[in-house]
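Asker: Before I ask anything, here is the structure I am working with.
The values are calculated or read from the model by the stated rules, or taken from the named source; none is laboratory data. Keep in mind the model is a prediction, meaning the values are calculated, not measured. Cβ coordinates were reconstructed from backbone atoms using ideal geometry, including for glycine residues, and neighbour counts include every protein chain displayed. Note: areas computed on protein heavy atoms with side chains; ligands, DNA, RNA excluded. Shrake-Rupley method; radii C 1.70, N 1.55, O 1.52, S 1.80 Å.
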Amino acid sequence: MVSNEAALPPREAMEFDVVIVGAGPAGLAAAIRLKQLAAQAGSEISVVVLEKGSAVGAHILSGAVIDPKGLNRLIPDWKEKGAPVETEVKTDKFLVLTKRGSFRLPNLLMPPLMSNHGNYIVSLGALCIWLGEQAAELGVEVYPGFAAAEVLYDEKGAVVGVATGDMGVGRDDEPTANFVRGMELRGKYTFFAEGARGSLTKQLIKKFDLDQGSDPQKYGIGLKELWQVAPERHEPGLVQHSFGWPLDSRTGGGSFLYHYGDGLVSVGFVVHLNYENPYLSPYQEFQRFKTHPAIRPTFEGGKRIGYGARALTEGGWQSIPKLVFPGGALLGCAAGFMNVPRIKGSHNAILSGIAAADAAFAAIEEGRAQDRLEAYEEEVRSGDIARDLKPVRNAKPLWSRFGTYLGVTLGGIDMWLNTILPGIGLGFTLRHRKPDYATLKKAADAEPIAYPKPDGVLTFDRLTNVSFSGTNHEEDQPVHLKLTDPSIPVAVNLPEFAEPAQRYCPAAVYEIVTDPDGTPRFQINAQNCVHCKTCDIKDPSQNITWVCPEGGGGPNYTGM
Ligand SMILES: Cc1cc2nc3c(=O)[nH]c(=O)nc-3n(C[C@H](O)[C@H](O)[C@H](O)COP(=O)(O)OP(=O)(O)OC[C@H]3O[C@@H](n4cnc5c(N)ncnc54)[C@H](O)[C@@H]3O)c2cc1C
Ligand code: SF4
């Protein structure tokens, strides 16, 4: 935002029926469904989708093994229409890793809801590109390269749309020669489909107290590399998950390895962000995971072709906030519809887009605007999303309370009970106690972790890997990682927590550098940011706010 906003010309405004922020599976599903409903009813509806990535899919990072139930409902003939959903899951493997060994859990032990039978291994980014094309064909206006930077309210406090950020603002908050004023996009309803820890979603949750009746949202950080592996190492349709080493049993998380397409393997590692040791580096845990004797052979003779990271929501059922407010709704992972034990959220993202579109279309047909879409909230709380999330609601809190081995076992028993006695399970809902920023131990009480050096073949340093994310930001722009109090990193976080931002950021954005006079200084290399949102979640002082940089900046993922 420029320093003297009042001196700027007013923004131009465009009117739509529905404004959608975010071209992920949730936002695009909502857009497509709105147009489908209008076509069926023989009426017109105007829909716009804003996407901060330079192209649709550029900021999408996922596993991804998808449960096709959302896609089946949205576009039943997706196969005939050429959706990039080709590799059907053939084999499901669950490994427990110890420092030197591993054992496979028999599939018979796994609760049926964990089976990937009938699911597909995809690039979610590629699927979003295709969904974006379907939306555009139906007449949706899809605008990549435009970040929604501000929520617009009317005089009664209802949401009436969003404004895109001004472009060409310099690092000193002054307009440059390239200055272009942002636009207002106004709608009868505005959907926020920003994914996990959306920057506008966070403001809306606070403004409308949407999380008053729910537990704190929980998160994980997911790091991923895409590999082209040697043909003899490729097993198309293999889905392999692991937990255990290199994480200790107090730290939740695990890995995924999905073989798909033409010699491709998606390998990823998730660390639950309620980890306690401030010396832990999720990135380094991912790198050392690949060196395990049960994992390393997959990558021999292969090459890493992509890298990225993204936060995912883990709170599940008990952390879902109120979804609707006057003039708008939260969709997909902005609301937290991720099924943690299944590591799947894209099906619920699509289902939520469909449900929100159904509610908005009915409301607009009745001549309504800017009110609460309660029908959407009711559908989520009683429909397919509820049926998916309720039976697994205790898995994550059990893991957090009892550690990996006992917690996962108890979670498995609860999910089995839910299968045998639907809707009953353990018979109660465990709460999430603390937000993730409040779980770090003091550095003085924690053990530093010595990580091995990267070998440049199987393991890589962060900056080399970031170059495989295609990340690019206009350099002359205000830093988009805002510190509420610039003194806190050095005055508080460094002595108390050894400033964990140096380690949790997967893109080496934060550094403590020492000035010539020996004074430590907190340096923010904002241009490296891959938009994962981990700093906004995990900073122990809650002093970092992630805001949208200029639209079009950030990672340029392909095939993630
Ligand atoms: C490592 C990892 C592995 C996963 N594995 C799986 C899996 O195997 N199967 C599965 O089903 N799910 C998986 N998930 C979860 C899945 O990716 C999410 O549930 C899904 O992407 C959520 O969809 P969404 O549309 O809500 O949000 P997103 O996919 O995050 O999309 C949000 C979009 O909104 C854009 N945006 C955000 N803010 C703004 C703004 N202010 N202005 C403009 N644009 C904005 C973003 O750039 C992005 O394109 C995984 C997630 C991660 C991180
Ligand atoms: S600066 Fe924050 S949002 Fe950006 S990559 Fe680092 S942790 Fe993620």
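Asker: If one computes the Cα centroid of segment 450-464 and of segment 501-560, what distance in Å separates the two points?
Answerer: 19
Asker: Taking H as built 1.01 Å from N, whose amide H comes closer than 5 Å to the amide H of residue 273, not counting residues under 5 places away?
Answerer: Amide H neighbours of residue 273, under 5 Å, 5+ apart: 219, 220, 221.
Asker: What FRET efficiency comes out for the pair residue 434/residue 405, r = Cβ-Cβ distance, R0 = 25 Å, nearest 0.05?
Answerer: The calculated FRET efficiency here is 0.70.
Asker: Can I ask one more? Could you run the Karplus curve 6.51 cos²θ - 1.76 cosθ + 1.60 with θ = phi - 60° over segment 253-261 and give me ³J(HN,Hα) per residue in whole Hz, x for Gly and Pro?
Answerer: Couplings: x, x, 10, 9, 9, 10, 9, 7, x Hz.
Asker: Relative to the present Cα-Cα distance, how much length would full extension add between residue 141 and residue 115 at 0.36 nm per residue of separation? Working shown, then result.
Answerer: On the way: separation 26, 0.36 × 26 = 9.36 nm, distance 3.76 nm.
Between residue 141 and residue 115, full extension yields 5.6 nm more.
Asker: Taking the DSSP beta bridges in the chain as the whole, what percent of them are antiparallel, to the nearest 5? Can you show the working numbers first?
Answerer: Working: 61 of 88 bridges.
For the chain, the DSSP antiparallel bridge percentage is about 70.
Asker: Efficiency by 1/(1 + (r/R0)^6): what FRET value for residue 88 and residue 11, r their Cβ-Cβ distance, R0 = 41 Å, to the nearest 0.05?
Answerer: Values: r = 48 Å, r/R0 = 1.17.
Once the sixth-power term is evaluated, E becomes 0.30.
Asker: For the chain, what are the DSSP H helices with axial Cα length of 27 Å or more and mean Kyte-Doolittle hydropathy of at least -1.0? Walk me through the numbers on the way to the answer.
Answerer: On the way: long enough: 346-365 (28 Å, 0.94).
Those that clear 27 Å and a mean of -1.0 are 346-365.
Asker: While we're looking at this one, here's another question. Please report the relative contact order for the chain, taking Cα pairs under 8 Å with a sequence separation of at least 6, and give it as a percent rounded to a whole number. It would help to have the intermediate numbers written out before the result.
Answerer: Working: 1341 pairs, mean separation 114.3, N = 560.
Averaging sequence separation for qualifying contacts and normalising by length gives 20 percent for the chain.
Asker: Could you tell me which of 148, 165, 126 has its Cα farthest along the dipole of segment 123-184 towards the positive end, charges placed at Cβ (Lys, Arg +1; Asp, Glu -1), taken about the Cα centre?
Answerer: Selected residue: 126.
Asker: For residue 387 and residue 513, compute 0.36 nm times the residue count separating them, minus their Cα-Cα distance, and round to one decimal in nm. The partial results should precede the final answer.
Answerer: On the way: separation 126, 0.36 × 126 = 45.36 nm, distance 4.98 nm.
Result: 40.4 nm gained on full extension.
Asker: Ranked from the most accessible area to the least, with a 1.4 Å probe and all protein chains present, what is the order of 249, 199? If you can, show how the numbers build up before the last one.
Answerer: Values: 249 55, 199 15 Å².
Output order, biggest surface exposure first: 249, 199.
Asker: Give me the extension gain from residue 203 to residue 447: residue separation times 0.36 nm, minus the current Cα-Cα distance, reported in nm with one decimal.
Answerer: Details: separation 244, 0.36 × 244 = 87.84 nm, distance 3.60 nm.
Going from the current span to full extension adds 84.2 nm.
Asker: Here's something else I'd like to know. Sticking with the crude label model, points 7 Å out along Cα→Cβ, report the distance from residue 521 to residue 39 in nm, one decimal please.
Answerer: About 5.8 nm, to one decimal.
Asker: What FRET efficiency comes out for the pair residue 107/residue 276, r = Cβ-Cβ distance, R0 = 22 Å, nearest 0.05? List each step's numbers first, then the result.
Answerer: Numbers: r = 32 Å, r/R0 = 1.47.
So, using R0 = 22 Å, E works out to roughly 0.10.
Asker: Another question about this same structure. So what is the orientation-averaged projected area of the chain, using the convex hull of its C-alpha atoms, in nm²? Please list the in-between numbers first.
Answerer: On the way: hull surface 102.6 nm².
Quarter of the Cα hull surface area: 25.7 nm².
Asker: Enter the Cα centre distance for the pair segment 49-121 and segment 161-210, rounded to the nearest angstrom.
Answerer: 32
Asker: Give me the three principal axis extents of segment 1-159 from the C-alpha atoms, as integers in angstrom, largest value leading.
Answerer: 65, 46, 30
Asker: Turning to a different aspect of this structure: If only Cα atoms are counted, what is the Rg of segment 457-502, and what is its Dmax, in Å?
Answerer: When restricted to Cα atoms, segment 457-502 yields Rg and Dmax of 15.0, 41 Å.
Asker: Lys and Arg at +1, Asp and Glu at -1: add these up for the other residues within a Cβ distance under 10 Å of residue 24 and post the number. Don't skip to the end; give the middle numbers.
Answerer: On the way: positive: none; negative: 51, 194.
With Lys, Arg at +1 and Asp, Glu at -1, the neighbours total -2.
Asker: Starting from the 7 Å offset along Cα-to-Cβ, what nm value, one decimal, do you get for the label separation of residue 81 and residue 366?
Answerer: 2.8
Asker: With every protein chain left in place, what is the accessible area per residue of the chain in square angstrom, probe 1.4 Å? Don't skip to the answer; put the middle values down first.
Answerer: Working: 21970 Å² over 560 residues.
Spelled out: the 1.4 Å probe surface of the chain, per residue, equals 39 Å².
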